[in-house]
Amino acid sequence: MFENLQDRLGSILNGLTGRGALSEADVSAALREVRRALLEADVALDVVRSFTDRVREKAVGAEILKSIKPGQMVVKIVHDELIEMLGGEGVGVDLHAAAPVVIMMVGLQGSGKTTTSAKIAHRLSTREKKKVLMASLDTRRPAAQEQLRQLGAQANIDTLPVISGQSPTDIAVRAVQAAKLGGHDVVILDTAGRTHIDEPLMVEMADIKKRSNPHEILLVADSLTGQDAVNLARSFDERVGITGLVLTRMDGDGRGGAALSMRAVTGKPIKLIGVGEKMSELEEFHPRRIADRILGMGDIVSLVERASENIDAEKAAAMAAKMAKGKFDLDDLADQLRQMQKMGGMGGIMGMMPGMAGMKDKMAAAGLDDKLFGRQIAIIQSMTKAERTNPDLLKHSRKKRIAAGSGSDAAAINKLLKMHRQMADMMKMMGGKGKGGMMKQMMGGLAGKMGLGGGMGGMGGGMPDLSNIDPRQLEALQKQAEAAGLGKPGGGMPGLGGLPGGLSGLGGAKLPGLGGGFPGLPGLPKKK
């Protein structure tokens, strides 16, 4: 969603950080470009004016212009103001009320209210262990109530039985009573929408609010509609009174203006964002993390959270044990590729790593898109168990059979085997005996640079159990990482010689066959 804005702001701010000293004229010229970039991203004009005025006020002070690194100070100011514009601290769905907590979903037709209702119910059920009841109040749209019932069955969430002829307000009252009798913690009311805002809709929403007394009124808005979504939020807030916003289709190719404007214009927090079609693809909105992504600083916390949700703990433990022995076969490689697909593919992971956003374009130019993972998995699945365990068995006749079975050719199989050899060599180095293994040395060095003492270095080369880390600890870790230089655009990770330019600096030598890129992804162009 924010890729175009990220590219524009990145080039503007990189121009500032590369200078030894800044004049007021330099800052003004950069802010003109920032203003243009935000307007092109469809951010509301008054929001852009307010943003650039605040940045200018702080950036032309004597302490900035005479600073040792004035360019970086300006980047920090832009970053801080971007967080402020997005709403400061993240705000989640508030469940602090007497059960059943009533959540009323409002919005226009087609914005994704029904699907979002089911996603929220699924999230509360799986993460918060809440018993949730969903009720459809949409009596106008054909099959709307049946759609919610099917989504409930799919996510194993209770839905209110449909009684034909009832009005939306009567259904709302019945839903709250049923939730009380059924011992439900939360009841979600999926209201009707219209193609546009009209008086009957607003009267109906106000009546439902009066009869059901909701604790949360969440407006669901399509982020691809730009400034119309901001006007919509303002109208609903004036007539019904919303407590928060949910933006859908944040994984689309929109310009991001709605997300950047809504908090500033309405004063209401964006609580959740939809990032895909699946039930699990609903995330909390964290202004700091979004600002980090827009400015190319990565989002380590979200990456770790996504990993903890998608990585199988038992498989990870088994992989760590094999790594410690220096073993890594083609089945292990296939598991790694599948896990990367679950975490959003190479592009999704790169976008969250500090200083790595620019690598996505290089990878695309080298033909390393996410479809490559699927082709490589197909090749591995076309092999016998013995061949996957011992790739040395793969001579010419076997490769011909595998190529026919996977719809590929011998060249693709040779590339895959070369990638596996490189990764297997790296695993041996990481799990080697000398000085506790390279992984242990890396983690120890990283921990030292981040002020964590020997805590991470004493893990025997393993990674911590990500699922048990408190989110506040993750936030603290992110801040420590930024202080250590991980969060700076293009800064790379400490001790790794700057990731964008390759994983050099490990023990003084480059890992074999990296080609200036990631392990196992040969052929990436080297950084000029």
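The values are calculated or read from the model by the stated rules, or taken from the named source; none is laboratory data. Since the structure is predicted, the reported quantities are computational estimates derived from the model, not experimental observations. Please note: Cβ atoms are built from the backbone with ideal geometry, for glycine as well, and neighbour counts cover all protein chains shown. Protein only, heavy atoms only, side chains kept; ligands, DNA and RNA dropped before computing areas. Shrake-Rupley method; radii C 1.70, N 1.55, O 1.52, S 1.80 Å.
Data overview
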quantity: Accessible area of I163 in the full protein assembly, 1.4 Å probe (Å², nearest 10); calculated: 90
quantity: Amide H contacts of V102 (H built 1.01 Å from N, under 5 Å, at least 5 apart or other chain); calculated: V187, H215, E216
quantity: Relative contact order (percent, whole number), the range 131-272, Cα cutoff 8 Å, 6+ residue spacing; calculated: 21
quantity: Estimated dipole of the range 81-184 in Debye, rounded to 20 [Cβ of Lys and Arg +1, of Asp and Glu -1, Cα centre]; calculated: 460
quantity: Cα gyration tensor shape for the range 97-181, rounded if a/c is under 1.5, else prolate or oblate; calculated: oblate
quantity: Relative packing of peptides 47-59, 259-271, 116-128 - highest average C-beta neighbours within 10 Å first; calculated: 259-271, 116-128, 47-59
quantity: Cα convex hull volume per residue for the range 108-158 (Å³); calculated: 68
quantity: Values of log10 I(q)/I(0), in the order q = 0.17, 0.22 Å⁻¹, for the range 143-262 under a Debye, Cα-only, solvent-free model; calculated: -1.00, -1.35
quantity: For V93, solvent-accessible area (1.4 Å; no DNA, RNA or ligand), Å²; calculated: 40
quantity: Summed side-chain charge close to E128 - residues other than E128 whose Cβ falls under 13 Å, Lys, Arg +1, Asp, Glu -1; calculated: +2
quantity: Overall Cα dimensions of the range 392-431, principal axis frame, Å, largest first; calculated: 36, 17, 13
quantity: Dimensionless Rg/Rh of the range 7-137 - Kirkwood Rh, Rg from C-alpha atoms; calculated: 1.19
quantity: Mean Cβ count within 10 Å, highest first, over the residues of peptides 184-190, 11-17; calculated: 184-190, 11-17
quantity: The range 64-205, accessible area per residue, ligands and nucleic acids excluded (1.4 Å, Å²); calculated: 45
quantity: Angstrom value of the Kirkwood radius, inverse mean 1/r, which spans all Cα pairs in the range 195-301; calculated: 14.8
